[in-house]
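**Q** Take this structure first; my questions come after.
The values are calculated or read from the model by the stated rules, or taken from the named source; none is laboratory data. Being a predicted model, the structure only gives us computed values, none of them experimental. Cβ atoms come from the backbone with ideal geometry, glycine included; neighbour counts cover every protein chain shown.
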Amino acid sequence: MKKTPKVILLIETTHAYGRGLIRGIALYSRHHGPWSFYREAPFYGKHGQSKISISELKKINADGIIVREPENIEDFLSLKIPLITSPSLIKPEIPTILTCADRIGVLAAEHLLERGFKNFAYCGFETLPWSLNRHGSFVQRIQKSGSQVESFFCSVKKIDNPSEKEQKRLTKWLKFLPKPTGIMACNDDMGRSILEACKSADISVPEQIAVVGVDNDQLTCELTDPPLSSVALHSKKAGYKAAELLDRLMHGETMNGQIINHDPSHVVTRQSTDTMAVKDPEVAKALAFIHQHYKESISVEDVSNEVAVSSRNLYKKFMETLGHSVHKEIQKERISHICTLLTESDLSINQITMSMEFTGIEHISRYFYKEKGMSLREFRKMFSK
């Protein structure tokens, strides 16, 4: 009789990142298992103990383990079983689920740049490698546009519940930032802290401070006031690929620092960045019209007629203000909304086509493929929750 592999999963599930990984691992197990999973007891079954000991893990006699941010990696290596960690590179020989910080920072930067911001800031945790890496890519992209970035780093001791002193320090920093400023938060927890600090400092969001987080944790993003825009990560796919690698390791493949890339898909726009920081009144009016009608099949001529400016002059104004054309702005908004519908809704491709006033599925398919380099169904399969 074939032995059922035992796999230890030490991945917290209070955030979308961990839940997505576990969904992907479970999906692989259903397709290629079954596996038997061991996880930490829920909070009400821990009897005052917050973490399971290595000695207890040894008694499980598991075949493999996936663990998030282990404090002492040597303890886990002492189990002498295949090991995958997440989300930071701890040792070069250990397989790791690695978030693509470069792409995450670029997506957040371009999201704020597209909204016309000239002032930018980053808020993260001072010692976490993934936060520092996201900071680096965000700064690099903003500097490429000709602007600079103000930075603020918090202690990691109380990520979910920052101290009163830390929150006051953050509030003071926000008050002294030039207005308006677009801020990238290293994750959605930090984004929530920024929005709470803005509220206490009577800073209007998104008019004075616009905030974009990372992870697209729907519970966190929807409970903030206003709702938080966020870079969506495809954790489920990363979890599936991690389980696929663990399966190979349990069958004899050597651990040699294999990397599982955890990719972002797009920015889910909510109220925290739903604004345009532009001084030109005609460009601002044009943007407002586009943002109000992007679900319709509008043209550049429709926009110029609304603003009462020739298409040629409006093109020049857009290039000077935003660095791209009116047509590009319409396309960007429509593509972004299609991405959201594909990943966040159960609408069929045909329903999306009709809701966006495309002439048919072939039309929307060509439109989407030209921008994203993949089909609508491929995008949904890759990034849908």
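**Q** Here are R169, R192: which of them is surrounded by fewer than 21 Cβ atoms within 10 Å (Cβ to Cβ), in the same structural domain as F125 (by TED's automatic domain parsing) and touching a strand residue (DSSP E or B) at 6+ places or on another chain (Cβ under 9 Å)?
**A** Among R169, R192, only R169 is surrounded by fewer than 21 Cβ atoms within 10 Å (Cβ to Cβ), in the same structural domain as F125 (by TED's automatic domain parsing) and touching a strand residue (DSSP E or B) at 6+ places or on another chain (Cβ under 9 Å).
**Q** Which condition breaks for S345 when tested against (1) at pLDDT 90 or above; (2) of a type in the set (G, A, S); (3) farther than 26 Å from I142 by Cα?
**A** With (1) at pLDDT 90 or above; (2) of a type in the set (G, A, S); (3) farther than 26 Å from I142 by Cα applied to S345, the lone miss is (1).
**Q** Of all residues in the range 345-385, which are in a loop (DSSP other than H, G, I, E, B) and within 25 Å of K237 (Cβ to Cβ)?
**A** Those that are in a loop (DSSP other than H, G, I, E, B) and within 25 Å of K237 (Cβ to Cβ): S345, D346, L347, S348, G373, M374, S375, S384, K385.
**Q** Within the range 135-157, does at least one residue satisfy the condition of being crowded, with 16+ Cβ neighbours inside 10 Å, touching a residue at least 60 places away in the same chain (Cβ under 8 Å), of a type in the set (G, A, S) and not assigned by TED's automatic domain parsing to the domain that holds Y17?
**A** Checked the range 135-157: no residue is crowded, with 16+ Cβ neighbours inside 10 Å, touching a residue at least 60 places away in the same chain (Cβ under 8 Å), of a type in the set (G, A, S) and not assigned by TED's automatic domain parsing to the domain that holds Y17.
**Q** Follow-up. Name the residue, out of A185, A197, A210, that is surrounded by 17 or more Cβ atoms within 10 Å (Cβ to Cβ) and either over 20 Å from I104 (Cβ atoms) or not assigned by TED's automatic domain parsing to the domain that holds R115 (or both).
**A** A197
**Q** Follow-up. Quick one: which residue in K285, K317, K332 is within 23 Å of G105 (Cβ to Cβ) and surrounded by fewer than 20 Cβ atoms within 10 Å (Cβ to Cβ)?
**A** K332
**Q** Could you pull out the residue among S348, S325, S355 that is more than 21 Å from H291 (Cα to Cα) and surrounded by fewer than 17 Cβ atoms within 10 Å (Cβ to Cβ)?
**A** S348
**Q** Continuing with the same structure: Quick one: is L245 crowded, with 16+ Cβ neighbours inside 10 Å and modelled with pLDDT of 95 or more?
**A** yes
**Q** Restricting to helices (runs of 4 or more DSSP H) lying wholly in the range 48-123: which have 1 or more residues that are closer than 23 Å to S235 by Cα, in contact with a strand residue (DSSP E or B) (Cβ under 8 Å, 6 or more places away or on another chain) and without any contact (Cβ under 8 Å) to a residue 24 or more places away in the chain?
**A** 73-77
**Q** Right, something else. Out of all the residues in the range 245-267, which are of a type outside the set (D, E) and assigned to a helix (DSSP H, G or I)?
**A** Those that are of a type outside the set (D, E) and assigned to a helix (DSSP H, G or I): L245, L246, R248, L249, M250.
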